[in-house]
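Below: one structure, written as structure tokens.
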């Protein structure tokens, strides 16, 4: 690719044209093919040079080049060196023991070009140089067990005054560093993984958090409560995962005091304490988080508490776009408050909820016009029959299990479910799945005699999958007719996955047929 950049207008000009002399017409007429070709090439070269003066175009060109290509580009000319050298030094990785990492001698003269810097087990010259344009800094301590503990102790206000993002992994942080972080005027994003905050540094830590817009904490150890006067109204994204060494009340207190949150992910490592317990000890008022768009809660929590999160989110007319509760109790109250957000929901994943009402999924299908992804299990066809038509016609992905329990109503209920599915004309992924520990009887059968033919309208469908469960508790009964029909009617179908038939010999024949039709078969399909 580099060879395409190694030309200039002078190199493309004819001999003796360096003084801008007019082309001779004694040997070539003004309209000779050679003259026209040379002029066209010169014009293209001039256009190329002018285009490369536009920074956005340079960025696009650089995105296609490897670091090796960039180093060759800077050797072409002085102008190319000025153009491409900043992109070579914009993002730098320093790995301990890696001979390819820049040396301090190479780093020093280009430190003003560095915007993103990552250290991995190497602290050389970290606090010796000043990086005037550094925006992002990442430090990972990869020391082996038994080695001395490396402590990050630098005055970041001097080293990188424009720092906006800091990521620390498995490091000890000195009091000096926490104090410096609280003084950084542009710091907006902080990610901590495997970090222990000492009790003496806790007040400084919360002062740092007060200025952040994004905070991520994974396996962080922290002692002491949040100071009474601390508020986190600048915080927009909060992600807390597996912080079992941080008091649960401190975590919920941080969430409560972050009233301007737009995205909340709370994953508490509570497998050691499987009992459902009370987290929220004070009421959460409606509209407490008016801008909350994403809510991901992965912990065992009561229905009333999940309901309080849903009630506190939005401006009274809904705001949640993505909703993913896992191990939660999605009961009557939470389901009722979820309906506040039906007009804004785009993604809902309730496949891992401990409990949910039978009306929850039918309510979602009938009430969420902007929904594009739904993950749920054990939806009863009878409940669907008792509700009106679906409104989620923008749905792209559906992972679900339709249960048909009433034997005397099997034909009618299955026809009804297929009729509802036929309205999802934007659907690209359809996966039939069950809970691993469920005993499933009476499941929607994807057969032509049950109503499969109604799904010819799903022209965007590219992936279909059937999960049998860990105990073979769900085994579809597709036949050769169904497979041929799918290939013939779903023109964009690329993959069929999972279990196709309980008969092993027949299933192997179906798999062979799928391959012969130009469709990929995947025994396990994780989406």
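Hey, can you tell me all the residues within the range 66-89 that are surrounded by 15 or more Cβ atoms within 10 Å (Cβ to Cβ) and closer than 23 Å to residue 136 by Cα? The answer is 70, 83, 84, 85, 86, 87, 88, 89. Annotation note: Cβ proximity below 9 Å between a residue of the range 155-180 that is at positive phi and surrounded by fewer than 21 Cβ atoms within 10 Å (Cβ to Cβ) and a residue that is outside any strand (DSSP E or B) and at pLDDT 85 or above (sequence gap 6+ or interchain) occurs for 170/194; 170/195. Exactly one residue out of 488, 518 is at pLDDT 85 or above and either within 16 Å of residue 397 (Cβ to Cβ) or not in a loop (DSSP other than H, G, I, E, B) (or both), and it is 488.
Taking the numbered list (1) buried (at least 21 other Cβ atoms within 10 Å of the Cβ); (2) at pLDDT 95 or above in turn, residue 454 passes all entries but (1). Taking the range 76-94 as the range and being modelled with pLDDT under 85 and in a loop (DSSP other than H, G, I, E, B) as the test, the residues that pass are 76, 77.
Would you be able to tell me the number of residues in the range 293-302 that are at pLDDT 90 or above and over 17 Å from the mean Cα position of the chain (by Cα)? The number of residues fulfilling the criteria is 0. Being outside any helix (DSSP H, G or I), at pLDDT below 80 and surrounded by 13 or more Cβ atoms within 10 Å (Cβ to Cβ) is true of residue 28. Checking each residue in the range 461-474 for being within 15 Å of residue 524 (Cβ to Cβ) and either buried (at least 16 other Cβ atoms within 10 Å of the Cβ) or at pLDDT 75 or above (or both) picks out 463, 464, 465, 466, 467, 468, 469, 474. The single residue among 300, 284, 280 that is out of contact with any helix residue (DSSP H, G or I) (no Cβ under 8 Å at 6 or more places or on another chain) and more than 22 Å from residue 197 (Cβ to Cβ) turns out to be 300. Filtering the range 293-335 to residues that are in a helix (DSSP H, G or I), surrounded by fewer than 18 Cβ atoms within 10 Å (Cβ to Cβ) and touching a strand residue (DSSP E or B) at 6+ places or on another chain (Cβ under 7 Å) leaves nothing.
Number of residues in the range 116-130 that are at pLDDT 80 or above and touching a strand residue (DSSP E or B) at 6+ places or on another chain (Cβ under 7 Å): the value is 4.
If you go through the range 66-88 and keep only what is touching a residue at least 12 places away in the same chain (Cβ under 8 Å) and under 34 Å from the mean Cα position of the chain (by Cα), you end up with 67, 69, 70, 71, 73, 83, 84, 85, 86, 87, 88.
When residues in the range 384-394 are screened for being surrounded by 17 or more Cβ atoms within 10 Å (Cβ to Cβ) and farther than 19 Å from residue 429 by Cα, 1 of them pass.
Considering the range 336-369 alone, what residues qualify as being in contact with a strand residue (DSSP E or B) (Cβ under 8 Å, 6 or more places away or on another chain), closer than 16 Å to residue 384 by Cβ and part of a helix (DSSP H, G or I)? Those that are in contact with a strand residue (DSSP E or B) (Cβ under 8 Å, 6 or more places away or on another chain), closer than 16 Å to residue 384 by Cβ and part of a helix (DSSP H, G or I): 360, 361, 362, 364, 365. Look at (1) within 16 Å of residue 400 (Cα to Cα); (2) within 25 Å of the chain's Cα centre (by Cα); (3) surrounded by fewer than 20 Cβ atoms within 10 Å (Cβ to Cβ) and you find that residue 378 fails only one, number (2).
The values are calculated or read from the model by the stated rules, or taken from the named source; none is laboratory data. Only a predicted model underlies this, so the values are computations on that prediction, with no experimental measurement involved. So basically every Cβ, Gly included, is an ideal-geometry build from the backbone, and we count neighbours across all protein chains shown.
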